[in-house]
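**Q** Before I ask anything, let me first share the structure, which is written out below as structure tokens.
The values are calculated or read from the model by the stated rules, or taken from the named source; none is laboratory data. Since we're looking at a predicted model, the values are computed, not measured. Positions of Cβ are generated from backbone atoms using ideal geometry, with glycine treated the same way; all protein chains shown enter the neighbour counts. With ligands, DNA and RNA removed, areas are computed over all heavy atoms of the protein, side chains included. Shrake-Rupley method; radii C 1.70, N 1.55, O 1.52, S 1.80 Å.
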Amino acid sequence: MTKKRILTGHRPTGPRHIGHLVGTLETWARLQDTHECFFLVADLHVLTTNYHPEHLQENILNMMADWLAAGIDPNRSTIVLQSIIPEHAQLALLLSMLTTVARLERIPTYKDQTRELNLQPSTGLLTYPVLQTADILLYKAQVVPVGEDQLPHIELARETARRFNQTFGKTFPEPEALLSNAPRLPGVDNRTMHTSYGNAIYLRDTPEETTRKVMSMYTDPTRLRATDPGHVEGNPVFALLDIFHADKAELAELKSRYEEGKVGDVEVKRLLASSLNTYLAPLRERRAELFNRPKLLMEVLYSGTVKAKFEAQHTLEEVYEKMGLLHSKSISEKALARDVSGVFC
Ligand code: TRP
């Protein structure tokens, strides 16, 4: 049986944190056993909300090093740099003809972002989900692993595939979202861990940085002394221990001591720091090695992109044909046959 095809990706906004690791990267690494995977470095999508040309390349390298260290395997999967393949932008333009402005204005990520940004949204921000739809349909992906916030975008991709197929003939599979069941991790300040909140523990952090961040974490706000009964529920230190501490029996015992007021926050945090550092050690070693070889990382990225380019070109030719457009291949073939005039009738 042929494997189903996956396309998913991240915007290269910088190094990945432990929330990315347990929320997505570990799942992606596993999915490589059962699916044909395309992993997209969505650098065009970054430009919808900010442009810092001086950081973009470094952010891509950081993300690549994290992806590979977390087990994304370029020998089995295809890693694609979005901006190098113009077909992403071309297909997005063509699909935008099938998408109303009102439909895009209703998408929650757009509504939230425009409220947050406090400025006039660009056309690029409005059509962000159309570009994402193009990313998926360009490779005729059947499965798209994403977090919950991305579901409205996948819904648009499904609708667009349906509309295209109805209008121009069966071309695209309707992509299915594969929802990550990993919880969102709390950051050191107990808000959701997020690069832009400055509350993240990064895969590339040293053990010392990790320990320092953990020791500064919020715990149970109702607890003043180590002898007060503590709360485990809603306590970010325990939320992370649940994921990263291997010895579940020891953790259960620690929780009951905490609830009885028999253990201080410092001891609990020390345990978390050491669990995290143990969990991350092998990944960090691979990560450091990879990050020191930027040329290798770029080669991996380019060779995946070259592979993807063939697929992208093929789909775009098909779409051009179905939409009644002429693609350059047909023009150059006719031109070679010295039959240019025939091209236009
Ligand atoms: N919008 C996604 C995010 O912010 C990134 C992305 C771009 C993506 N293109 C995609 C995810 C295609 C899945 C499929 O996380």
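**Q** Restrict the check to the range 97-114 and report whether at least one residue is under 23 Å from P53 (Cα atoms) and in a helix (DSSP H, G or I).
**A** Yes, because at least one residue in the range 97-114 is under 23 Å from P53 (Cα atoms) and in a helix (DSSP H, G or I).
**Q** Could you figure out which of (1) in contact with a Lys or Arg (Cβ under 6 Å, 6 or more places away or on another chain); (2) without any contact (Cβ under 8 Å) to a residue 12 or more places away in the chain isn't true of D33?
**A** With (1) in contact with a Lys or Arg (Cβ under 6 Å, 6 or more places away or on another chain); (2) without any contact (Cβ under 8 Å) to a residue 12 or more places away in the chain applied to D33, the lone miss is (1).
**Q** When you look at N50, is it in a helix (DSSP H, G or I) and touching a Ser or Thr at 6+ places or on another chain (Cβ under 9 Å), yes or no?
**A** Spelling it out, it is not the case that N50 is in a helix (DSSP H, G or I) and touching a Ser or Thr at 6+ places or on another chain (Cβ under 9 Å).
**Q** When the residues of the range 126-156 are narrowed to those that are under 14 Å from T8 (Cβ atoms), in contact with a Phe, Trp or Tyr (Cβ under 9 Å, 6 or more places away or on another chain) and aliphatic (A, V, I, L, M), which ends up farthest from the ligand (Cβ to nearest atom)?
**A** That would be L137.
**Q** May I ask you to list the residues in the range 1-16 that are open to solvent by 10 Å² or more (accessible area, probe 1.4 Å), at pLDDT 95 or above and within 15 Å of the ligand (Cβ to nearest atom)?
**A** Scanning the range 1-16 gives K4, R5, G9, H10, R11.
Every residue, every condition in (1) in contact with an Asp or Glu (Cβ under 9 Å, 6 or more places away or on another chain); (2) assigned to a loop (DSSP other than H, G, I, E, B); (3) within 12 Å of V268 (Cα to Cα), yes or no:
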{"position": "M217", "(1), (2), (3)": "yes, yes, yes"}
{"position": "P221", "(1), (2), (3)": "no, yes, no"}
{"position": "L224", "(1), (2), (3)": "no, yes, no"}
{"position": "T227", "(1), (2), (3)": "no, yes, no"}
{"position": "V232", "(1), (2), (3)": "yes, yes, yes"}
{"position": "I243", "(1), (2), (3)": "no, no, no"}
{"position": "A246", "(1), (2), (3)": "no, yes, no"}
{"position": "L251", "(1), (2), (3)": "yes, no, yes"}
{"position": "K255", "(1), (2), (3)": "no, no, yes"}
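**Q** Do you know which residues across the range 185-215 are part of a loop (DSSP other than H, G, I, E, B) and within 24 Å of L68 (Cβ to Cβ)?
**A** Within the range 185-215, the subset part of a loop (DSSP other than H, G, I, E, B) is 185, 187-191, 193-194, 198-201, 203-206.
Listed by number, the residues that qualify are L185, M193, H194, A200, I201, L203, R204, D205, T206.
**Q** Next question. Could you tell me how many of the residues in the range 160-176 are open to solvent by 10 Å² or more (accessible area, probe 1.4 Å) and either touching a Ser or Thr at 6+ places or on another chain (Cβ under 7 Å) or free of Cβ contacts under 8 Å to residues at least 24 places away in the same chain (or both)?
**A** Qualifying residue count, the range 160-176: 5.
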